[in-house]
Amino acid sequence: MMSRRWRAPTTLAVSLAATALLAVLLVGRRHEFAAAASSAAPWVLGVAVLGQVVALLARSEAWHLSIRAAGGTVERRALYRASSMQVLGSVLSGQLGVAARIAALRRSSGTRCPQVGTLVAAEFPILAVEATLAGLASFTLIGPLGLPWWAPLIGLVAVTGASTGLRRLALRTGHAVWKGLAVLRCRRGGSRVIAFVLVAVLAQVARNWLLLHAVGADASLFDAIAVLIAVVTLGQLPVGPGLGAAAAVLILGRNGVAAAAAAGVLMTATGTVGGMCFAAWAGADRLLSAARAVRAAVRIPAVAGPEA
């Protein structure tokens, strides 16, 4: 009860603290920050928004495959609409986004949707793929964070062990939670989940690289990968809208705080716009589906009337 009571104030406090810290770092660099942020061409911003939409669609399809393997019969369109709810929740924290998505799917699909425990477990195959990719690419953090060369090896071993444990758990049956891991038992389904998650990750890396160069930051492809890893890691904390800027400054602040922060702000802004486009489609599709259902309900009595 106490945790729920203090969750919202804690989230707000951490978000404000992160924003205040960024503001302190940008003291005296306001004009440099504004110039860097405004230097991105409109077409670059448009491509970055499109990249976010591609990432959301690819991850939603991976979720659909995982839930279908778990025995769910949810329509793809309904699942995509529920997936769009994660955009709103993720503004505050990643966990809230996942909870919003699962709640929306349960509310809209009813008996065709697996139990909550199964839905939560269905996230783990996707998270395992993302964690494995992050482990393989964690060497990109050595330079920016000053880590020893062997540090990524520890993370990779831990991720590999966790993935192996998930595969073993997936072989169990009977419990609702194990059903959520069913996609790991299917070679074809598991391969498709990996492929869609890979598409989502590559789209995010491309977005980062494009925006970093658009603001004039001296960044390589490896730096763009490191920023994505930082975003995902810091996203487990309630950093809030300052997440992108905080991650970019953490990785690239040594080369210029203003440019890194500007790129991070643009990452967040274009990501939010892309998410809102996805959510807008979901809302419009929900309304159209409801309108079609109403027309169908009216048409049936009209056809049956003369026969009576």
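Among the residues of the range 178-203, the one identified as among the charged types (D, E, K, R) and crowded, with 22+ Cβ neighbours inside 10 Å is LYS179. When the range 42-60 is examined, which residues are found to be of a type in the set (Gly, Ala, Ser) and open to solvent by less than 30 Å² (accessible area, probe 1.4 Å)? Hits for the range 42-60 are ALA48, GLY51, ALA55, ALA58, SER60.
I'd like the residue in the range 61-89 that is part of a helix (DSSP H, G or I) and of a type in the set (Ser, Thr, Tyr) and, out of all such residues, is most open to solvent (accessible area, probe 1.4 Å). That would be TYR80. Taken over the range 243-265, residues that are open to solvent by 10 Å² or more (accessible area, probe 1.4 Å), farther than 20 Å from PHE222 by Cβ and not β-branched (Val, Ile, Thr) amount to 1.
Does the range 122-133 contain any residue that is in contact with a Cys (Cβ under 7 Å, 6 or more places away or on another chain) and at pLDDT below 85? Checked against the condition, which is being in contact with a Cys (Cβ under 7 Å, 6 or more places away or on another chain) and at pLDDT below 85, the range 122-133 yields no hits at all.
For the range 204-242: of the residues being open to solvent by less than 20 Å² (accessible area, probe 1.4 Å) and at pLDDT below 90, which is nearest to ALA58 (Cα to Cα)? Per the criteria, the residue is GLY235. Looking at (1) at pLDDT 70 or above; (2) closer than 26 Å to GLN204 by Cβ; (3) in a helix (DSSP H, G or I), find the lone condition where HIS31 falls short. Exception for HIS31: condition (2).
Quick grid of which residues meet (1) assigned to a helix (DSSP H, G or I); (2) touching a Phe, Trp or Tyr at 6+ places or on another chain (Cβ under 9 Å); (3) farther than 27 Å from CYS277 by Cα; (4) modelled with pLDDT of 70 or more:
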{"position": "LEU12", "(1), (2), (3), (4)": "yes, no, no, no"}
{"position": "SER15", "(1), (2), (3), (4)": "yes, no, no, no"}
{"position": "ALA20", "(1), (2), (3), (4)": "yes, no, yes, yes"}
{"position": "ALA40", "(1), (2), (3), (4)": "no, no, no, yes"}
{"position": "TRP43", "(1), (2), (3), (4)": "yes, no, no, yes"}
{"position": "VAL49", "(1), (2), (3), (4)": "yes, no, no, yes"}
{"position": "VAL53", "(1), (2), (3), (4)": "yes, yes, no, yes"}
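For the range 130-145, filtered to residues that are among the small types (Gly, Ala, Ser) and either assigned to a helix (DSSP H, G or I) or in contact with an Asp or Glu (Cβ under 9 Å, 6 or more places away or on another chain) (or both), the residue that is farthest from GLY190 (Cα to Cα) is GLY143. Residue check: ALA158 meets all listed conditions (1) aliphatic (A, V, I, L, M); (2) open to solvent by less than 70 Å² (accessible area, probe 1.4 Å); (3) at pLDDT below 75 but one, namely (3).
The values are calculated or read from the model by the stated rules, or taken from the named source; none is laboratory data. These figures come from a predicted structure and were not determined experimentally. Note: ideal-geometry Cβ built from the backbone for every residue, glycine included; neighbour counts use all protein chains shown. Keep in mind that these areas ignore ligands, DNA and RNA; they rest on the heavy atoms of the full protein, side chains included. Shrake-Rupley method; radii C 1.70, N 1.55, O 1.52, S 1.80 Å.
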